[in-house]
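Novice: Dropping the structure in here first, questions after.
Only the coordinates and a few stated rules stand behind these numbers; no lab work does. Keep in mind that what you see is a predicted model, and the values were worked out from it rather than measured. Virtual Cβ from ideal backbone geometry, glycine too; neighbours counted across all protein chains shown.
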Amino acid sequence: MSASGFTNLDSSAGFNQNPTPNGGAAPPCQNGPLPTHPSMYPPAGYYGVPPPQQSYLSIPSHATSAPSKASIASSAHSQNYYQNNHQQQQQQTQLPQHQVALSPYSAPPPSQPYATLPSLAPPPSNAQFNQQAFQQQQALYTTSGPYYGQQSYRASPAQPRHHHHHHQQQQHHPSLVSSPAGIPVYPNVSYPSGPASSHYVPHTSSNTSTPGVMSTQMGAPLHQFSALPPASTAVQPGYGTGHQTAATVNGKGSTAAVQNNIHQHYDQNNQAPHNYNSYSGVTQSSGGADGDRPPSGTPSTSVHSSPSRHQGLQYGYVANSGASSASATTSGAAAAPSSSSTDDDEEEEDEDEEAGGDTSSSSTGSASPVPNNYDSLEGGSYPDSMPPSNNMTNQAPPFGSFGYHGMQTAYQHGPASRPDASPSHSVYSQPGYQQYSQPFPNLSQLSAALGGLSGVPELEMEALRPVNLLQERNLLPSRPLEAPEPNLSPDLKKVNCSPQTFRCTLTSIPQTQALLNKARLPLGLLLHPFRDLQQLPVITSNTIVRCRSCRTYINPFVTFLDQRRWKCNLCYRVNDVPDEFMYNPVTRSYGEPHKRPEVQNSTVEFIASSDYMLRPPQPAVYLFVLDVSHNALEAGYLKYFCESLLENLDKLPGDARTKVGFLTFDNTVHFYNLQEGLSQPQMLVVSDIDDVFIPSHDSLMVNLKESKELVKELLTSLPAMFSQSRETHSALGPALQAAFKLMSPTGGRVTLFQTQLPTLGAGKLQSREDPNQRSSTKGAQHLGPATDFYKKLALDCSGQQIGVDLFLLSSQYADLSSLACVSKYSAGSVFYYPSFHCIHNPAQLEKFQRDLDRYLTRKVGFEAVMRIRCTKGLSIHTFHGNFFVRSTDLLSLANVNPDSAFAVQMSIEDSLADSSLACFQAALLYTSSKGKRRIRVHTLCLPVVSQLSDVYAGADVQAITCLLANMAIDRSISSSLSDARDALVNAVVDFVSAYKSSVSNLQQSGVVVPAAMRLFPLYILALLKQKALRTGTSTRLDERIFAMCEFKTQPLPQLMRMLHPDLYRVDNMSDQGALHLNDTVVPQPHLLHLSAERLSRDGAFLMDCGNVFYLWISKCCNETFICDVLGCSSYASIPPNMSHIPELQTPLSERVRAFLDWLQDNRAFSSPIHIVKDDASAKATLFQHLVEDRSESASSYHEFLQHIQQQMSKGWHQERDWRKYLRFPGSSFPCEQQQTDHMGARSVCVFTADFYIYRA
Amino acid sequence: MAFTFAAFCYMLALLLTAALIFFAIWHIIAFDELKTDYKNPIDQCNTLNPLVLPEYLIHFFFCVMFLCAAEWLTLVLNLPLLAYHVWRYTSRPVMSCPGLYDPTTIMNADILAYCQKEGWCKLAFYLLSFFYYLYGYTAFSAICLTLKIMQYLENIHTF
């Protein structure tokens, strides 16, 4: 079986072709355990034993069904295995295509590092080139002597033993096999022996009234069970024997397991030496010796510089991501992002295994002592090491020499990489950049390396063109706005971080704070660090090269002074290049440190050594906390949740150590014993909610693989179990406390489903919403939390590496502002489904299901920290998002998920005049779901400018809007909603005035802005009309809070679509400018302004709001469109709540669907589509998104512009209320920079806002 | 009698202000540590929060003493700080325990800078008032002493 997996890998074309031993060995290791799974457990021990069970069970049907289930399960396992393989194979065969179909990520895409293979002739096209490259590489690998050859040969015969061994190791978490005594002997052992043991009443007494624990059978509804007082004594012995037999039965199974597991370490300890040995050709005969093997690290005693040693280095491209690039690039496939992302994950992790297998040792050169907190782990600057003092910079003369060194890099990078990427280079040699070389005709590379110092290219001229907004009406580009490109040299531009991951509000960084103040724009970063990437170089090496003083990871923007030294681009310290770094695993050549993948890619991932761990990497642990009160059952989410989880149980990210647990609550908290060997899940009820405790310590969180049957059974029976519940109270706080206690030994992810206001125990809340105030124009009250219970709990969770994700499905007010704290500070995510009902609200149900599918299968990183470093002189002011701020530049993220983004406000503390480039580096250290410690590093490089016009030319209007939105939300919570709104308006007024007075010399009246910022007022107006910030329109408090949460966590493209939806006319799409992806044609209709005047009475319009699509069919819409696309005969026959587009074979339908699929492809959560007819009720939902129009309570775009103009002409003499301004970090008051331009007599009022108390 | 109570007040205020100076220094150090990454904000808040109320109460206490002693000038000098304390405590974030500092917001650069500035200002204020009380105390004791001496001399004289 594993052999077939191996050959599959081998025969597939593409990246993984290189028959490295790891490539062969690792995937079977992962998939391998499954087929052998049943054999591990003697059938008699695990599945069989009907007779005692029958006596044990009160409901016979379960017992009879058990054996049959077992067999089904085992076949399901193997099926699953084949499927997996199959998928892999598919993906891999698709890979070459993906290479051809360029992803938008980077123009000369993944080939780039490969392109540096020295022996290659420049190929004619990328596609061929890639293939050649791989074949070449393969050839290199295969011919590389006995090392690899022997390995690949050895790998397959050794398979069975090999993976068997692995299987044993991974199957059992050490804590589970600690002793046979861990096997529960029910009536005695599993009874809670918690602190309040006096509460526990023996089983025989009436269980209902006593607080304490009762152990009930799964199938029997609770009240029935407790309604049997006389019978219970009779049943008692039955239980006893039942448990006894269960125990012995279990004993058989698990003693076997225990025998096999004497040598238990954490996975990492096991795997590393093991892999090492097998790769180095030493036949590891059995796992027996593993027990006394010293922890990883010892084997690598060999001298580092010996070339053979370097073969241990491997450079794994996460090629696979082909899987997701498939979904991203091919539109026809319509692959649901959820599934593709898991495949991505799977494969990436496979690759990870491959690469990680070589992590033979952790003998890094890093001198870090035993770290005692994550802070020091990720590497805050060493207190004792040399601080980034001035002499560092002085040592290297500031400007000229920097340029000189820069030149050196440029030389090294430039000519070397030139031959390969010839087609793409032609793009860059456009006339605009020729200007660069004018001052230094001989050293064109020099000026290139200097970045944005030279003249103004044409693009910039265009960005600076003054636009009078009151006159120009068509501002929108025809396609959704792209991020502006920083004005860097082509070489740097090519390696710079993708704007989707890392974006700065000002792509040209002003030199000083004074200049920034003058610009009246916020400086900040928008980060999406863990997003699903289509291509990610994964680097495994013994030493992760970092700057010695500021701990920056080496990146493409460092300068190599010579072969042996590099200069940090953040603190300018000169560091040594370690020996190991001299070897380049891609080209397999020595002495080219600048061609290492770390230096060629601005987004890389390192497999971290044990220096980056405080404890062994945790397994993936998932706890589901479910509300089962009456209200929850009424809403009916439970059934859909269970269905969804059952479906995705195998796709949950994780490895053999993955653990799951379930916890339900109403006015009591129910735990579920899912210990392997039980015939049925067992419910334990803790009714003492004032002092909640964990009734059993090792059987509530169980290994998913071992207890899969029980988990499945629980999920099937759970919806029915509580169907009779009449309990309306909700003890959320105690349930969360229990969850915390349950999870704190491991950490992991808690998924919380809540449907109402918590009413019992700690953390109970009261309704604070006054429905009459929903549409008040004054603003909203109670935007902050009512209690700090949830915040404190979240901080505790964060400390134990537990992330809490909240799904709120409530029809009533549930005080999201308090509840959301539990996710906000534990780095979780919040989902909210207002007025959720499984029957009455199918739209929400569908959204819930889609979200859940994505949620359950998306990647997850555990015990993560993220540090953001920036060039000396810049400093971080505020963070926005869901996390806990550990120190000035360190975020602690208990969980990190690929869908959440962060924003950072920056300030300039020292002048940046002595450097021409500013860099930002975000390093995310996390534990993957496969138990690998990884570091993902993104580096962004931007030019530093000294002219205000350059600052404006590089302004990124979307990023600015998003950052302002975050700031405004903070302001509305700390001060008030109306202040936040005023502050946003004032941000526009300030900006326009600043531009008018400083840059444009035109004395033109009207609202004049640079073209780069022409959408700024429109976006701000759209922001003011969002649910989060609007006033005057009826908005529920919870919905408002949720909108605020979304603003804080959504990635920028998603946020922009929510803010300013894209509107297209779809009934007359032409092929002009259409994209051709594979065999589908994706039309590219023009964007339309969000105004009702753009909607005609005879068209069909598609509005893309980010999380939902609206297809608006107007009254006189073309009959053929209705017929061809919607499959309805006429306008009248379109059903009112249509929410899908039928798959019709007409060209028009295909085109519309291709376009829709293409739009869907780029987002994480797939969006439902609603077909909206031109009638009053449905109209309102659509028309509230038409932000340029006047609404009942908000002005139109034109009115807004006039208002701005008025405010500007009012000038500055009016008294300024500091609360009505967003304070950009480091700046004082806006009036400060207003010079006496128009009215010379006016005194400039300068007062610093610092003294105004910032209300915490 | 009246002077002695005032002198006592000054003496007490002197001692308590010395304590407050230590509070302020502690505060400054704590925030400096936060800023330079040495401490976890949760721990830091846990150590700082219990000190807030005692500080405010001590200050309030000797304000009341000065009120009783009818030291109006001293009272007026202290009133702004008293008012500030009241304002600061009423506008604290939602917290279940006493104190002012919320670990989730304290790392915000504005708040951090504000708290640091607050620490320095308070330190300056307490230092100044320390010398003021010292002066007040010595003045009062001096007056007291002179009066006593005079009384004594008078007694001698009359004797």
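Novice: Set Lys and Arg Cβ to +1 and Asp and Glu Cβ to -1, take the dipole of segment A:1045-1104 about its Cα centre, and tell me which of A:Phe1047, A:Met1058, A:Gly1099 lies farthest positive.
Specialist: With unit charges placed on the Cβ atoms, the residue in question is A:Phe1047.
Novice: Which peptide among A:1023-1034, B:73-84 comes first, and what is the full order, when sorted by highest mean count of other Cβ atoms within 10 Å?
Specialist: Result, highest mean first: A:1023-1034, B:73-84.
Novice: For the ranges A:555-562, A:1128-1135, what's the packing order if you count other beta-carbon atoms within 10 Å of each residue, average per peptide, and put the highest first?
Specialist: A:555-562, A:1128-1135
Novice: Also, I was wondering about something else. Let me confirm one metric for peptide A:872-885, namely the mean number of other chain beta-carbon atoms within 10 Å of its residues' beta-carbons.
Specialist: 2
Novice: Between segment B:76-140 and segment A:1151-1206, how far is it from one alpha carbon centroid to the other, in angstrom?
Specialist: Taking the Cα centre of each part, segment B:76-140 and segment A:1151-1206 sit 50 Å apart.
Novice: To make sure I understand the rule: partners must be lysines, Cα under 21 Å from the Cα of A:Lys651, and not fewer than 8 residues away in the same chain. Which ones qualify?
Specialist: The qualifying lysines are A:Lys69, A:Lys639, A:Lys659, A:Lys705, A:Lys708, A:Lys712, A:Lys847, A:Lys859, A:Lys930, A:Lys932.
Novice: Among B:Leu57, B:Ile29, B:Asn46, which residue has its Cα positioned farthest towards the positive end of the charge dipole of chain B, with +1 placed on the Cβ of Lys and Arg, -1 on the Cβ of Asp and Glu, and the dipole taken about the Cα centre?
Specialist: B:Leu57
Novice: Follow-up. Residues of segment B:58-77 with the amide nitrogen closer than 14 Å to a label point 7 Å from the Cα of B:Phe5, along Cα-to-Cβ, please.
Specialist: The answer is B:64-72.
Novice: Using Cα pairs closer than 8 Å and at least 6 residues apart in sequence, work out the relative contact order for segment A:998-1077, in percent.
Specialist: After rounding, I find 23 percent.
Novice: In straight Cα distance, which lysines are under 24 Å from A:Lys1115, not counting same-chain residues fewer than 8 positions off?
Specialist: Qualifying lysines at Cα under 24 Å: A:Lys1173, A:Lys1179.
Novice: Would you tally the net charge around A:Ser679, using a Cβ to Cβ cut-off of less than 10 Å, leaving A:Ser679 out, and scoring K and R as +1, D and E as -1? The partial results should precede the final answer.
Specialist: Values: positive: none; negative: A:Glu709, A:Glu713.
Every neighbour counted, the sum reads -2.
Novice: With charges set only on the Cβ (+1 for Lys and Arg, -1 for Asp and Glu), what does the dipole of segment A:1061-1186 come to about its Cα centre, in debye to the nearest 20?
Specialist: The dipole magnitude comes to about 360 debye.
Novice: By a straight-distance test (C-alpha under 20 Å), which lysines pair with A:Lys595 as possible cross-link partners, with residues fewer than eight away in the same chain excluded?
Specialist: A:Lys493, A:Lys494, A:Lys567
Novice: Now a separate question. Any of A:Lys792/A:Lys824; A:Lys1048/B:Lys35; A:Lys741/A:Lys792 with alpha carbons more than 18 Å apart? Name them for me.
Specialist: A:Lys1048/B:Lys35
Novice: May I ask you to derive the relative contact order of segment A:1061-1186, considering only C-alpha pairs under 8 Å and at least 6 residues apart, and to give it as an integer percent? Don't skip to the end; give the middle numbers.
Specialist: Numbers: 211 pairs, mean separation 32.0, N = 126.
Reported as a whole number, the value is 25 percent.
Novice: May I ask for the distance between the Cα centers of segment A:837-873 and segment B:1-43, given as a whole number of Å?
Specialist: 47
Novice: Would you please classify the overall shape of segment A:1061-1186 from the alpha carbon gyration tensor, given that a ≥ b ≥ c denote the square roots of the eigenvalues, rounded means a/c under 1.5, and beyond that prolate means a/b larger than b/c while oblate covers the rest? Please report the intermediate quantities before stating the final value.
Specialist: Working: a/c = 1.45, a/b = 1.21, b/c = 1.20.
Taking the square roots of the gyration eigenvalues as a ≥ b ≥ c, segment A:1061-1186 is rounded.
Novice: Ok, one more. Take the alpha carbon gyration tensor of segment A:615-711, find the square roots of its eigenvalues, order them as a ≥ b ≥ c, and report rounded if a/c is under 1.5; if not, report prolate when a/b exceeds b/c, else oblate.
Specialist: Because a/c hits 1.5 or more and a/b fails to exceed b/c, segment A:615-711 counts as oblate.
Novice: Going by how many other Cβ atoms sit within 10 Å of their own, how do B:Thr105, A:Thr501 line up, fewest first? Could the numbers behind the result be given before it?
Specialist: On the way: B:Thr105 19, A:Thr501 22.
The fewest-first ordering by Cβ neighbours comes to B:Thr105, A:Thr501.
Novice: To continue, here is another question. Using only the alpha-carbon atoms, what does segment B:2-158 span along each of its principal axes? Please give whole angstrom values in decreasing order.
Specialist: 73, 27, 20
Novice: Work out the FRET efficiency for B:Leu128 and B:Trp72 from their Cβ-Cβ distance, taking R0 = 25 Å, and round it to the nearest 0.05.
Specialist: My answer for the efficiency is 0.85.
Novice: Let me ask something additional. Looking at the square roots a ≥ b ≥ c of the eigenvalues of the Cα gyration tensor of segment A:1049-1091, which shape do they give, rounded for a/c under 1.5, prolate if a/b is larger than b/c, or oblate?
Specialist: Oblate, because a/c is 1.5 or more while a/b does not exceed b/c.
Novice: Can you check what the net charge comes to around A:Val669, using other residues whose Cβ is under 15 Å from the Cβ of A:Val669 (Lys, Arg +1; Asp, Glu -1)?
Specialist: Taking every Cβ under 15 Å from that of A:Val669, the sum is -4.
Novice: Give the residues of segment A:808-827 whose amide nitrogen is closer than 14 Å to a point set 7 Å from the Cα of A:His840 in the direction of its Cβ.
Specialist: A:810-813
Novice: Mean separation of Cα pairs under 8 Å and 6+ residues apart, divided by the residue count of segment B:2-158: what relative contact order is that in percent?
Specialist: Worked out over segment B:2-158, it gives 43 percent.
Novice: Taking amide H positions as placed 1.01 Å from N in the peptide plane, with prolines and chain starts having none, which residues 5 or more places from A:Ala918, or on another chain, fall under 5 Å of its amide H?
Specialist: Residues meeting the amide H criterion: A:Leu942, A:Val944.
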